[in-house]
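As structure tokens, the structure follows; a few thoughts come after it.
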Amino acid sequence: MPQMKILSIESSCDETAAAVVEDGRIVLSSVVASQVEEHKLYGGVVPEIASRRHCEAINGVVGKALEDAGLGFGDIDAIAVTYAPGLIGALLVGVNFAKGLSMSAGLPLIPVHHLRSHIASNYIAHPELEPPFLCLVVSGGHSHIVEVKDYTEMKVIGKTRDDAAGEAFDKAARTMGMPYPGGIHLDKIAEEGDPNAFALPHPKVEGSPYDMSFSGLKTAIINLIHNASQKGETLPVKDLSASFRKAVTDSLTEKFISAAEALSYKKLVLAGGVSANSLLRRRVSEECQKRGWSCYYPPLHLCGDNGAMVGAQGYYEYLAGNTADTSLNARATMSIE
Ligand code: KG4
Ligand code: ZN
């Protein structure tokens, strides 16, 4: 088959993004317009604002992606778009824009699952990486351990029972006075702290061995801070951050490694916004190294939401015959399977 160029669009949360990707692996352009500065004022994403900003930005972002790639619509073979899961009003902007483009240019429309695209960011960074592998997908909204049996065949074997890891990082960071999204700030500050300064609970989930829970940890850190402030004390933010980061990453790493052992996977992959966490990257790499396994994670610029990862996964969805017509709708929730 001749090379396939996909124009891809992402608008599931607070980044309006577009890219042109060739054969699922080569990024010809990638444009990300972040709304973070505006949502910061409110301490989190305001869905109504997110939708409006997507509407304003999408035309320019898509145009810039084509311009940066030096291409016109005549050079594009298909349109891929994130259609689930995410903020419904935000997703709808990308989906409707993509439907319009697909219809007017007469190009196939490829719906892409947001978490599948996070996994696919690794295909861009690691040309040799192919399924099957075991993946820890950790973002602001999801924490999953997924068997990636093939590019479009996945099985969830563990997930969080409550908060996602990213959500827990953001809430802990917010309680310590850091700006939204706090995960990245907490990670930086934690580098200078003592991870053993505070004893935090080790989250346990009854029943499924690979399920996770972060709400207890989040409550524990909030209580520590509030109890101290009632006594007029302030706790050292560096040590609190380091202890919290250790507790979350220990839990993620232990579940991930034990799942890989049980299912005999020797190729482990990290994906999603929280895969940018420096301790998580170190911990999982070390555990893999000890066992002679291979370990992959995306470079920092591909960890957060972007259009390139949508084009990467879109290519494999297209090869699997997963295209849609203009009846495609956005969905706030949807299983990765
Ligand atoms: O995948 P993503 O960009 O958006 C969603 O699909 O949710 O993930 C965003 C999440 C946020 O919660 C953010 O705080 C977290 O990823 N994050 C981090 C780091 N960088 C981003 N969490 C911990 N350490 C980091 N370095
Ligand atoms: Zn995401």
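Would you check which residues across the stretch 112-138 are part of a helix (DSSP H, G or I) and aromatic (Phe, Trp, Tyr) and list them?
Step one: list which residues in the stretch 112-138 are part of a helix (DSSP H, G or I), which gives 114-125.
Passing the criteria: only Tyr123.
Just to check your reading of the model, which residue among Gly193, Gly183, Gly177 is within 28 Å of Val36 (Cβ to Cβ) and under 18 Å from the mean Cα position of the chain (by Cα)?
Numbers: Gly193 fails: under 18 Å from the mean Cα position of the chain (by Cα); Gly177 fails: under 18 Å from the mean Cα position of the chain (by Cα).
Unique residue meeting the criteria: Gly183.
Whether any residue in the stretch 102-110 is within 12 Å of ligand 2 (Cβ to nearest atom) and buried (at least 23 other Cβ atoms within 10 Å of the Cβ) is what I want to check. Can you show your working first?
First pass over the stretch 102-110, keeping only residues within 12 Å of ligand 2 (Cβ to nearest atom): none.
Among the residues of the stretch 102-110, not one is within 12 Å of ligand 2 (Cβ to nearest atom) and buried (at least 23 other Cβ atoms within 10 Å of the Cβ), which makes the answer no.
Could you please let me know if Ser241 is closer than 20 Å to Asp187 by Cα, within 13 Å of ligand 1 (Cβ to nearest atom), at pLDDT 95 or above and of a type in the set (Ser, Thr, Tyr)?
yes
Quick one: count up the residues across the stretch 125-153 that are away from ligand 2 (no atom under 15 Å from the Cβ) and over 17 Å from Asp211 (Cβ atoms).
15
Can you tell me which of (1) free of Cβ contacts under 8 Å to residues at least 60 places away in the same chain; (2) assigned to a loop (DSSP other than H, G, I, E, B); (3) within 16 Å of ligand 2 (Cβ to nearest atom) is the one Glu167 doesn't meet?
All conditions pass for Glu167, except number (2).
Could you count how many residues in the stretch 39-59 are among the charged types (D, E, K, R) and either crowded, with 21+ Cβ neighbours inside 10 Å or assigned to a strand (DSSP E or B) (or both)?
Looking only at that region, the number is 1.
Go through Tyr210, Tyr180 for me and flag whichever is within 20 Å of Val146 (Cβ to Cβ), in contact (Cβ under 8 Å) with a residue 24 or more places away in the chain and either among the charged types (D, E, K, R) or part of a loop (DSSP other than H, G, I, E, B) (or both).
Values: Tyr180 fails: within 20 Å of Val146 (Cβ to Cβ).
Sole residue among the options that is within 20 Å of Val146 (Cβ to Cβ), in contact (Cβ under 8 Å) with a residue 24 or more places away in the chain and either among the charged types (D, E, K, R) or part of a loop (DSSP other than H, G, I, E, B) (or both): Tyr210.
Can you tell me which of Gly63, Gly89 is outside any loop (DSSP other than H, G, I, E, B), more than 13 Å from Asn306 (Cα to Cα), in contact with a His (Cβ under 9 Å, 6 or more places away or on another chain) and more than 15 Å from ligand 2 (Cβ to nearest atom)?
Values: Gly63 fails: in contact with a His (Cβ under 9 Å, 6 or more places away or on another chain).
Matching residue, one of Gly63, Gly89: Gly89.
Of the residues Val21, Val36, Val32, only one is touching a Ser or Thr at 6+ places or on another chain (Cβ under 8 Å), touching a residue at least 40 places away in the same chain (Cβ under 8 Å), surrounded by fewer than 20 Cβ atoms within 10 Å (Cβ to Cβ) and assigned by TED's automatic domain parsing to the domain that holds Ala312; which?
Val32
Out of Gly94, Gly106, Gly100, Gly140, I need the residue that is assigned by TED's automatic domain parsing to the domain that holds Ser258 and among the small types (Gly, Ala, Ser). Which one? Full working, then the answer.
Working: Gly94 fails: assigned by TED's automatic domain parsing to the domain that holds Ser258; Gly106 fails: assigned by TED's automatic domain parsing to the domain that holds Ser258; Gly100 fails: assigned by TED's automatic domain parsing to the domain that holds Ser258.
Unique residue meeting the criteria: Gly140.
Within the stretch 201-218, how many residues turn out to be exposed (fewer than 15 other Cβ atoms within 10 Å of the Cβ) and within 17 Å of Lys246 (Cβ to Cβ)?
Of the residues in that region, 3 qualify.
Just checking, how many residues over the stretch 240-282 are within 16 Å of ligand 2 (Cβ to nearest atom) and either surrounded by fewer than 24 Cβ atoms within 10 Å (Cβ to Cβ) or aliphatic (A, V, I, L, M) (or both)?
Here is the first cut: in the stretch 240-282, the residues within 16 Å of ligand 2 (Cβ to nearest atom) are 269-277, 280.
Right, trim to either surrounded by fewer than 24 Cβ atoms within 10 Å (Cβ to Cβ) or aliphatic (A, V, I, L, M) (or both) and you get 269-271, 274, 276, 280.
Going through the stretch 240-282 one residue at a time, the tally reaches 6.
Output the residues belonging to the stretch 244-297 that are in a helix (DSSP H, G or I) and hydroxyl-bearing (Ser, Thr, Tyr).
The answer is Thr249, Ser251, Thr253, Ser258, Ser275, Ser278, Ser285.
Within the bounds of the stretch 132-147, is there any residue that is surrounded by fewer than 18 Cβ atoms within 10 Å (Cβ to Cβ), away from ligand 1 (no atom under 16 Å from the Cβ) and within 30 Å of Asn322 (Cα to Cα)?
There is at least one residue in the stretch 132-147 that is surrounded by fewer than 18 Cβ atoms within 10 Å (Cβ to Cβ), away from ligand 1 (no atom under 16 Å from the Cβ) and within 30 Å of Asn322 (Cα to Cα).
Please tell me if Ser285 is in contact with a Cys (Cβ under 6 Å, 6 or more places away or on another chain), over 24 Å from Ile221 (Cα atoms) and more than 16 Å from ligand 2 (Cβ to nearest atom).
Yes: the conditions hold for Ser285.
Can we say Asp23 is out of contact with any helix residue (DSSP H, G or I) (no Cβ under 7 Å at 6 or more places or on another chain) and at pLDDT 95 or above?
no
The values are calculated or read from the model by the stated rules, or taken from the named source; none is laboratory data. Small disclaimer: the values here were computed from a predicted structure and weren't measured. In this analysis, Cβ positions are derived from the backbone assuming ideal geometry, glycine residues included, and neighbour counts consider all displayed protein chains.
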